[in-house]
Amino acid sequence: MTDLLSVDDLGPSGIEEMLTLSESFLGVTRRDIPKVPALRGKTVVSLFYEDSTRTRLSFETAAKRLSADTMNFSVASSAVRKGESLRDTAQTIEAMGVDAVIVRHQCAGAPHRIASWIDASVINAGDGRHEHPTQALLDLLTLRRHRGPSLSGLRVAIVGDIRHSRVARSNVKALDAVGAQVLLVGPPTLMPESIEGWPVTVHDDLDDVLAEVDVVYLLRIQRERQFEALFPSLREYTARYGLSATRAARLKPDTLIMHPGPMNRGIEVAAEVADGPASIVVEQVANGVAVRMAVLWSLLGSGGTIA
Ligand code: CP
């Protein structure tokens, strides 16, 4: 594997290997000095055309903990603002001698195009509404830390704006690959145009499924993607699909609450639920560093030792 563009690049065995490797890197992140020389001499660049807090910083942290050199590309202060194309930008960056390019872009397929233009490894850090594979890996790792190595049969409700969600697309593939059952929950207008062939069941009433699921995975309402045209109002969305304290009280005692972030507190999740004992949102972020160390090491480590 030279690139990670989709969960499909891994398949069930690749996901298993990546999670096992991530567990090793979790051990590294807990050392007094959480740093190994595994990628010394390698250079990793973040090429983010869209805003990010978690993904950008955790990739940067992961690269630094592997002793790679890092470069950050900011669209706002780059030649993109003078009209430089995606291809010219990617090839310009590669010409400086980088080994991996981490790409976030508002257009689905942008990382795939870049991978066809350059020899450096390309990692998809979220492309439009298409995929976000490292988010799915860190979510699986977080679930495994709570539920053990087998997630087979786990019932996971992904709730909200599925239509615009790359997180949902990658998670459906990854959860299916490990044998979990996925329930997509939301209004019909926020479901994808076609879910034919998706290994999921679809539900438009959150209250119907609350008591039977092991995980509630809330998605962010993406107001920037014309949400208002698809649902009467935020208030009505919250009334029907928001995880309020009242709804959370109907979950099984061991049901876990997840969210990829950033959260809209008071809309898809009540603040007291987001901060409550069932929420593992902060753990998701922490585990993201180990997962991204595993991905970088797998692509650039050339079979070396972690140390
Ligand atoms: N989950 C996620 O992708 O968050 P960021 O947009 O902050 O990277």
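The values are calculated or read from the model by the stated rules, or taken from the named source; none is laboratory data. Computed from a predicted structure; not experimentally measured. Here the Cβ is made from the backbone with ideal geometry for all residues, glycine too, and neighbour counts use every protein chain on show. The accessibility values were calculated without ligands, DNA or RNA, using every heavy atom of the protein model including side chains. Shrake-Rupley method; radii C 1.70, N 1.55, O 1.52, S 1.80 Å.
Can you confirm whether Asp139 is under 17 Å from Leu4 (Cβ atoms) and in a loop (DSSP other than H, G, I, E, B)?
no
How about region 27-72: which of its residues are within 15 Å of the ligand (Cβ to nearest atom), open to solvent by 30 Å² or more (accessible area, probe 1.4 Å) and outside any loop (DSSP other than H, G, I, E, B)?
Scanning region 27-72 gives Arg54, Arg56, Leu57, Glu60, Thr61, Asn72.
Looking at (1) assigned to a helix (DSSP H, G or I); (2) touching a strand residue (DSSP E or B) at 6+ places or on another chain (Cβ under 8 Å), which is the one condition that is false for Arg145?
(2)
Does region 148-171 contain any residue that is more than 26 Å from Gly197 (Cα to Cα), touching a strand residue (DSSP E or B) at 6+ places or on another chain (Cβ under 9 Å) and away from the ligand (no atom under 14 Å from the Cβ)?
no
Any chance region 237-245 includes a residue that's more than 16 Å from the ligand (Cβ to nearest atom), open to solvent by less than 40 Å² (accessible area, probe 1.4 Å), at pLDDT below 95 and more than 27 Å from Gly126 (Cα to Cα)?
Checked region 237-245: no residue is more than 16 Å from the ligand (Cβ to nearest atom), open to solvent by less than 40 Å² (accessible area, probe 1.4 Å), at pLDDT below 95 and more than 27 Å from Gly126 (Cα to Cα).
Out of curiosity, is Gln284 within 30 Å of Val45 (Cβ to Cβ) and open to solvent by less than 10 Å² (accessible area, probe 1.4 Å)?
Values: within 30 Å of Val45 (Cβ to Cβ): yes; open to solvent by less than 10 Å² (accessible area, probe 1.4 Å): yes.
Yes, satisfied.
Which ranges mark the strands (runs of 3 or more DSSP E) fully within region 180-220 that have 1 or more residues being touching a residue at least 12 places away in the same chain (Cβ under 8 Å) and open to solvent by less than 20 Å² (accessible area, probe 1.4 Å)? It would help to see each step written out before you state the result.
Details: elements: 181-185, 200-203, 215-218.
By residue number, 181-185, 215-218.
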